[in-house]
Structures are given as structure tokens and as C-alpha cells.
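Undergrad: Got a structure for you, written out below as C-alpha cells; questions coming shortly.
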Amino acid sequence: MVGIAQVNVYLRVSAVLFYVLTACLVGLDSQTKIIFFVARKATYRDLEAFGILVYVDSAAVVYNLLQLCKGLISARFEGNLKGAYIYISWIGFLLDQLAAYITFAANSAAFEASVLAVTGAEEFQWMKLCNRFTRFCFQMGGALLCGYVASILMALISFISAYNLFSNYSSKRFLRLKKT
């Protein structure tokens, strides 16, 4: 039988892998084309949202690895942390929520920027980028898909941390009910 702690570990490891894949696909993607006798190179630095996505996903990887280490340490010293467990659960819950929301927001901003790269914006005189740099755009699309999968995994991790937090509270304790 797989317990909640094991599911949490599997989800965190999967999220780390998807975040690393997203950051590598975005950060290492580039394509060079000759346009009107000038070599033009498309990289993630052309749109600021992609640069932010790389940094946010890298921070999410570090955060999840630290949470995995915290899980190993707390499993080893489980009896000694009984009084502080509720505070650690609150901090973990809030940080998981923060990580889920920030990574989803960064992926959504990068998605919006990539839609502009696909469609262009004539009123701003922005040309369509993806009709010339197709491989670059397909790789960015795959990176965004991996980023959204990682964001969904972070949302599931957030559900588990909410369950771990709120399972510490008893309704009888707060309603001041006594056993009869």
C-alpha cells in the first residue's frame, strides 16, 4: 500500500523532473536563420517572460529538493518534532501554495508571450516569430506543456500538504466537545 508520504515524494520528484525539463528546453533553445542577408538568432532572451520562466522553474526545483530533504530529516527525527510539527506543516503548506501559484503564473505569462510570437501584433509592428523560427517555437511549446504539467503536479502537492496540515486539527478540540 502506498502512503500519502510516498505519493508526496513521487509527485515532488516528478515535478522536479518536469521543471528541469522545462528550464532546459527554454534555456537551451535557439535557432538561427538568415533573414534579408542578416543572421538572426531566436533565443529565450528575446521575450522577457521566457527568462523569468527559467528563473522561476529553477527556484521551484531548488524548493522541491529542499522539501524532499526536509522530509528525509523529519522522518529520521519524527518523535523530537512533535510540538513544532504544526508550525512546520503551516510553513510547508504556505510555501507549496506559493510555489504552485508562482510557477503557474510564470508559465501563463510565457504562454501569453508565445501567443504573441505565433500571431504577432500588427498595431505594435511586432512580426510573427514562429513563421520563420518553427523549430524554436515547437520546442518552446513543448517546454510550456512540461511547465503546465509541473504546475499541475505542484497543485496536487499543495492538496497533500493541505491534508497533512488540516488533519492535525480535530473538530472536537475547536468546538470544545468532550467525550461522553
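What follows is calculated from the coordinates using simple rules that are stated; it is not laboratory data. These numbers were taken from a predicted model, which means no experiment stands behind them. Cβ placement follows ideal geometry from the backbone for every residue including glycine, while neighbour counts extend to all protein chains displayed.
Undergrad: When the chain is fully extended, how far beyond the present Cα-Cα distance does Leu98 get from Ile86, taking 0.36 nm per residue of separation?
TA: Details: separation 12, 0.36 × 12 = 4.32 nm, distance 1.83 nm.
Here the segment from Leu98 to Ile86 would lengthen by 2.5 nm.
Undergrad: Less than 15 Å Cβ to Cβ from Met154, Lys/Arg counted +1 and Asp/Glu -1: what total charge do the surrounding residues give? Don't jump to the answer; show the numbers that get you there.
TA: Details: positive: Arg12; negative: Asp57, Asp96.
Summing Lys/Arg as +1 and Asp/Glu as -1 gives -1.
Undergrad: Arrange Ser14, Ser167, Ser151 by Cβ neighbour counts within 10 Å, fewest through most, would you? Before the final figure, lay out each step's value.
TA: Details: Ser14 16, Ser167 10, Ser151 26.
The order, fewest Cβ neighbours first, is Ser167, Ser14, Ser151.
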